[in-house]
C-alpha cells in the first residue's frame with residue numbers, strides 16, 4: 001500500500017467534524033503507522049514494566065477520540081498531534097494512579113526541550129512533573145502551552161504548528177523559545193509554586 005494522499009485524510013477529517021463517526025473509523029487505519037510511532041515514543045520514555053503497550057495506547061486514544069468528538073483538526077499532522085496529546089493524558093492518568101507508590105522517590109527532571117522534536121534515547125522526566133509544569137504554563141499563557149504540546153509531544157514543525165494555531169511561524173518561534181526557557185526553569189525547581197515571570201513575561 002502506497003502513501004495515503006493528504007487530501008483524502010483531510011476529506012475524512014471534514015466529514016468527522018460534520019458528525020460522521022464512520023469517517024473516524026476510516027481515518028485511523030490511514031494514520032495508524034504514525035500513531036504507533038507516537039505511542040512508541042511516549043512509552044519508551046516510561047518505566048520498562050509499564051502495563052500499556054503501543055497498540056493498547058493507540059486503542060485507548062481512539063476510544064477517547066470517539067467519546068470527546070471531533071476536535072478542530074485541519075490536516076493529518078494536526079490529527080496525529082491531537083492523538084499524541086490524548087496519549088500523554090492517558091499516561092499521566094496512569095502515572096497519577098501510581099503516585100502513592102512513588103512517594104519518596106526522586107523525580108526525573110532531565111527534560112530537554114532544546115532537542116524537540118527528537119526521540120530521546122534515555123528515559124524522559126517524570127511525566128506527572130512535566131504535566132504539572134505544562135498546566136502551570138497554560139494558566140499563564142495558553143498559546144505557549146499549546147505550542148509545546150504540538151511541538152514536543154506531537155512532533156509538529158514550526159510551520160505545521162503555525163498552521164494549526166493560525167498564527168505566524170515567527171510567533172511560534174518566539175513563543176516556543178520563551179516557553180522552553182520557562183519550562184526548563186520550572187522543571188529544575190520541581191514545579192513548586194508558580195512564578196509571575198512566566199513565559200508570558202517575555203511579551204511586551
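Readers should treat all values here as calculations from the given coordinates under stated rules, not as data from a laboratory. The structure presented is a predicted model; accordingly, all values stated were derived computationally and were not measured. Heads up, the Cβs are rebuilt from the backbone with ideal geometry, glycines too, and the neighbour counts pull from every protein chain shown.
Points to keep in mind about this one:
- The fewest-to-most ranking of 33, 15, 173 by surrounding Cβ atoms within 10 Å reads 33, 173, 15.
- Convex hull volume per residue for region 122-180, taking Cα atoms only, in Å³: 79 Å³
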